[in-house]
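K.L.:
Below is the structure I would like to discuss, written out as structure tokens.
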Amino acid sequence: MTQSAGKVLVVEDDKECLILLMGTLGEAGYLVQPAGTLRMAFSWLNDNKPDLVIIDLKLPDGNGMDLCRSIRKSPETSKVPVIILTGNTKTSSRVDASLSGANLYLSKPMDLAELVHAIKGFLGPKGSQQQRRGVLRREGFEIDPNEHKIFYNGKTLKDIPERLLDVLYILIEHYPKIVSRTHILSIVDPQDRDREVDVWICRLREKLSEFFHRDFIETVFGEGYRFSLPSPLSKKPI
């Protein structure tokens, strides 16, 4: 499985700066989730866990430092690296960022090479995130991508190929949200074609039909796929 270098939440309201960051980090192999306000960032964090967060301090609906403190207080994100990226060069702001739990404070205009180097320092080289993917437990499923095992309510779902396991992991990880073909492709195999995702989904449906009474992968036309709750296991004993 080809894996991205990591998932980065970028909280920045300046559109030009955001586009620049998304392009630079995308080229470096990172998946970028943009958020233009604190509200958008908090909403995304309710259902997702980033590998790293970049925060501008001056946002339309508040101070980015509040987000940094919240990230540090939450057990789910307390260890996630936080980089403050701001035009504020005051020493007092740097001190406040450090006390709020920020790992690094960079001033605008930023040196993009320095930023990418810093992110690589926190997350490691491209591909290391794959090794750190933990066991996913949600809606009765337990998926261990490192041991290549899938369980549902404690029962083993056998003989599911690695690539299909990866697709299922992504769909359940983002439940109940829609996952685009592009996103699935970027995680599973960026070198493959967009429509290849449809083939993976078809094969995954066929494989899961051996264990479940109905299809629980929903096709959302024009947008992608979404995991929906399965009916009780199963057509045959496991």
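The values are calculated or read from the model by the stated rules, or taken from the named source; none is laboratory data. Because the structure is a prediction, the values reported are computed rather than measured. For neighbour counting, all protein chains shown are included, and Cβ atoms are generated from backbone atoms with ideal geometry for every residue, glycine included.
K.L.:
Considering only residues that are at pLDDT 85 or above and in a loop (DSSP other than H, G, I, E, B), which ones fall in the range 127-141?
P.N.:
Let us first name the residues in the range 127-141 that are at pLDDT 85 or above, namely 135-138, 140-141.
If the condition is that a residue be at pLDDT 85 or above and in a loop (DSSP other than H, G, I, E, B), then V135, G140 are the ones that fit.
K.L.:
Filter the range 60-84 down to residues that are surrounded by fewer than 22 Cβ atoms within 10 Å (Cβ to Cβ) and in contact with a Gly (Cβ under 8 Å, 6 or more places away or on another chain) and give me whichever is modelled with the lowest pLDDT.
P.N.:
By that ranking, first place goes to R72.
K.L.:
Then there is this: Under the condition of being of a type outside the set (A, V, I, L, M) and assigned to a loop (DSSP other than H, G, I, E, B), which residue from the range 13-34 is nearest to S100 (Cα to Cα)?
P.N.:
Here the answer is D13.
K.L.:
State whether one or more residues within the range 40-56 are crowded, with 19+ Cβ neighbours inside 10 Å, free of Cβ contacts under 8 Å to residues at least 24 places away in the same chain and in contact with a Lys or Arg (Cβ under 9 Å, 6 or more places away or on another chain).
P.N.:
No, the conditions are met nowhere in the range 40-56.
K.L.:
Could you grab me the full set of residues in the range 35-62 that are assigned to a loop (DSSP other than H, G, I, E, B) and not polar (S, T, N, Q)?
P.N.:
G36, K49, P50, D51, D56, L57, P60, D61, listed by residue number.
K.L.:
Provide a single number: the residues in the range 152-167 that are under 21 Å from E218 (Cβ atoms) and free of Cβ contacts under 8 Å to residues at least 24 places away in the same chain.
P.N.:
Counting residues in the range 152-167 that are under 21 Å from E218 (Cβ atoms) and free of Cβ contacts under 8 Å to residues at least 24 places away in the same chain gives 1.
K.L.:
Please determine whether any residue of the range 85-99 is under 22 Å from the mean Cα position of the chain (by Cα) and among the β-branched types (V, I, T).
P.N.:
no
K.L.:
A further question follows. Go through (1) under 18 Å from K158 (Cα atoms); (2) in a loop (DSSP other than H, G, I, E, B); (3) at pLDDT 75 or above one by one and return the number of the condition W200 breaks.
P.N.:
Result: W200 fails condition (2) only.
K.L.:
Take V11 and tell me if it is crowded, with 18+ Cβ neighbours inside 10 Å and either in contact (Cβ under 8 Å) with a residue 12 or more places away in the chain or farther than 24 Å from V179 by Cα (or both). If you could, list the steps in order and put the result at the bottom.
P.N.:
On the way: crowded, with 18+ Cβ neighbours inside 10 Å: yes; either in contact (Cβ under 8 Å) with a residue 12 or more places away in the chain or farther than 24 Å from V179 by Cα (or both): yes.
Spelling it out, V11 is indeed crowded, with 18+ Cβ neighbours inside 10 Å and either in contact (Cβ under 8 Å) with a residue 12 or more places away in the chain or farther than 24 Å from V179 by Cα (or both).
K.L.:
E27 is checked against (1) surrounded by fewer than 17 Cβ atoms within 10 Å (Cβ to Cβ); (2) on the phi > 0 side of the Ramachandran plot and fails just one. What number does that condition carry?
P.N.:
So the condition that E27 fails would be (2).
K.L.:
I've got another one for you. Pairs please, first residue from the range 198-227 and in contact (Cβ under 8 Å) with a residue 24 or more places away in the chain, second anywhere and of a type in the set (G, A, S), Cβ atoms under 9 Å, 6+ apart in sequence or on different chains.
P.N.:
Once the first residue is in contact (Cβ under 8 Å) with a residue 24 or more places away in the chain and sits in the range 198-227, its partners that are of a type in the set (G, A, S) give E210/S234; F211/S234; I217/S228; E223/S180; G224/S180; Y225/S180.
K.L.:
Those residues that are surrounded by 15 or more Cβ atoms within 10 Å (Cβ to Cβ) and under 30 Å from F122 (Cα atoms), I need them from the range 132-149; list them, please.
P.N.:
Once the filter is applied, which keeps residues that are surrounded by 15 or more Cβ atoms within 10 Å (Cβ to Cβ) and under 30 Å from F122 (Cα atoms), the range 132-149 yields R133, L136, E142, I143, D144, P145, K149.
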